[in-house]
1. Set the Förster distance to 35 Å, then compute FRET efficiency between residue 46 and residue 322 from the Cβ-Cβ distance, nearest 0.05.
2. Compute the label zone of residue 360 within the stretch 129-153: residues whose backbone N is under 16 Å from the point 7 Å along Cα-to-Cβ.
3. Separation between the residue 347 and residue 576 pseudo-spin-labels, each 7 Å from Cα along Cα→Cβ, expressed in nm?
4. Once you compute Rg and the Kirkwood Rh from C-alpha atoms, what is the Rg to Rh ratio for the chain?
5. By how many nm would the segment from residue 538 to residue 224 lengthen if fully extended, with 0.36 nm per residue of separation less the alpha-carbon distance?
6. Give me the accessible area per residue for the chain, probe 1.4 Å, as a whole number in Å².
7. Apply 1/(1 + (r/R0)^6) to the Cβ-Cβ distance of residue 257 and residue 499, taking R0 = 45 Å, and write down the FRET efficiency to the nearest 0.05.
8. How much accessible area does residue 103 have with a 1.4 Å probe, in Å² rounded to the nearest 10?
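The values are calculated or read from the model by the stated rules, or taken from the named source; none is laboratory data. In this text, all values refer to a predicted model and were calculated from it rather than measured experimentally. Positions of Cβ are generated from backbone atoms using ideal geometry, with glycine treated the same way; all protein chains shown enter the neighbour counts. Just so you know, the surface numbers come from the protein's heavy atoms only, side chains and all, with ligands and any DNA or RNA stripped out. Shrake-Rupley method; radii C 1.70, N 1.55, O 1.52, S 1.80 Å.
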Amino acid sequence: MAVTLVSLLLLSLGLQATEAQAPQTRPERTGWQETSTNADVAAFIESISKLPHGRRLQVDGLGMGMSVQGRPLQVVHVKAAANDPPPKLRALIIANIHAGEVEGKEAAQILLREIALGQHQDLLRHVELAVVPVFNVDGNDEIDRGNRVEQNGPDGGVGRRHNSQDRDLNRDFIKAESPEARALLHEIAAFDPHLFMDLHTTNGSYHGYHLTYCTSLNANTDPDLATLMHERLIPGVRKRMQDEHGYRIFDYGNFGRGGPASGWTTFSADPRLAINYVGLRHCLSLLSEAYSYLPFEERAKVTRAFVLESLTELVAREDEVLKLREQAEARATTLPFRFGHELAPPVQGELLVGAVEEKVIEGLGKRLMVKPEFHAVQAPLQTRFVAKHALALPKAWAIVGDFPQVAQIVCAHGIEVWALKDAVRVPAEAFAVTELSRQRAAFQGHRLVTLGGKLAPGERELPAGTLVVSASHRLARLAAQLLEANSDDGLATWGYFDQAIQRADEAGEGKLSYPVLRLDAMPEAAALRAVEHDEGTFPRLVPYLPYLTLHNGEIERPAAKPTGPSPGGAVLAVDVAAPGQRTPPRGFESEPRFTGRKLRFKLDDTEVESLAAVEARIRDSKLAEAHKPTVVVVRGPGVSHREIVEACEAVRRTGVTEVFLFHAPR
């Protein structure tokens, strides 16, 4: 998007442009009927960088990664003004982790525009910002009117909750299975924020608030930082939101099964969620959940206000935040690891109850819109968690066996991993598994594991190559979360030790039933070698790779339609021939279901009537017998991720060893 003529004139006169004259987001241009695509966001940020203070906005790659489909992951760093010293505080704000929850993305763009216009200078002298307007970049562009139908706009549709691995990115901050989550973990480690904000939309109970919020609920969050958030910083933000904007905000949760009078309960303490995860890194965190039954524009406005007032309160408590953070890092190794989380006992308090009205959208389903009336009730409130058990940290952990993926996940969290050069015999505690259960249904692609048992001291032989993780650092309790058998949400939970876990009575005397030992001492440095980061160790959960070409080791994107990355390759184009009628979804995040929908396939220059016919033609062409058989699948606009996966799986069934995905230009 080009800078407006008025803005250019003001710049030439040395005057400050006004917000009304500055570039607009896609929702603003469409009367809040449409949300921004990735291209819209990129163009908007480029255009506002030309405003008077736009040079403060620096677009960087997010971590080391890109999305599953090869889209760039980007973060906007707001740099200090030329004559100002670097701020002492840092805040990282992400939006659109669930790509159907769109107001955070729009609020982030509006805030960046305000900064480019010279606003919020008082805050920016104290806090350096890093903003990720679109985290789930693949899901963002799968915009469909049938996604989140009950949400009150935008009418033009929103994106898809999951990423292109069909994973919820806000359940991936322990197992780090997605390239998006690993890129964000890298950014968190490098930027090391004092405050992390994750911007969402909530549906569910019909409450009387404009926005609900949550901070880290895991009991391994430093207690003084938790007290600061719950008892001082968040109450300050609530007061500012009411006094400055007239917005009612409250702790995130839902009514009990008996309705409002039965109580209000928050969600989860598991660090698989971003806000709980960053608490283990001594970072203050805030989840923002704008009320989905408010109009789209109002949701964006309340989200913007919440971000600003949270930053204002952070800056107002700068000295306290810096002091408590330093103290938390210093005592990280002395506090116990806590597990067995459960909701804290209820506290009686006031709860605002609202109401909604329905509007039926033909062919899609019902939309829910907030009504102005609300009333207060007294109800039991459960907005905190406690842990039933605590365990002193060891000096180190030893991972016995062949676990290269575990090593890389721990590295992805910014924790050093070492390997023994030679075998040693050491005192160690072993966990004897007496209870082992696996969840019957898969969750996020895994049958979750729960362990019970007891620790037993002794001596153990550690073979050469055994992985070692120290507990003598600021992230010691994060390491414990990943590795301890008792962890409520660790790598064992997600099945990463399945090959080695068994009940102690089945393992046999002297055998390990859990492959992680607790060591009384860290081995000498001379006995260890560092484990290097290797992104290639992580599994690919989709049947394709993003289409990239390599020239002298540098990655380049093709400027036009590819003709195949190697001799003998083929190109399969997939496009929508007839969109069909979408049936009403069963829930907010259900996959699209259509009647009368038809795709168009073209293999090289030949129209093919179906995927079955595509398979037959590839087999007949003997492509799979080529030296390095490849197919590039070109995805046309409107084709869903599920349909692309089906096409790529069909190609792979023919024996083709590499399938690349390329996005056709819109």
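1. On the way: r = 35 Å, r/R0 = 0.99.
Given R0 = 35 Å and the Cβ-Cβ separation, E is 0.50.
2. Of the residues in the stretch 129-153, 150 have backbone N under 16 Å from the label point off residue 360.
3. Simple spin-label model gives 4.9 nm for this pair.
4. Values: Rg = 26.2 Å, Rh = 26.9 Å.
My calculation puts Rg/Rh at 0.97.
5. Numbers: separation 314, 0.36 × 314 = 113.04 nm, distance 3.61 nm.
Once the chain is fully extended between residue 538 and residue 224, it gains 109.4 nm.
6. Here the residues of the chain average 41 Å² of exposed surface.
7. Values: r = 40 Å, r/R0 = 0.89.
It comes to 0.65.
8. Near enough 0 Å² of accessible area.
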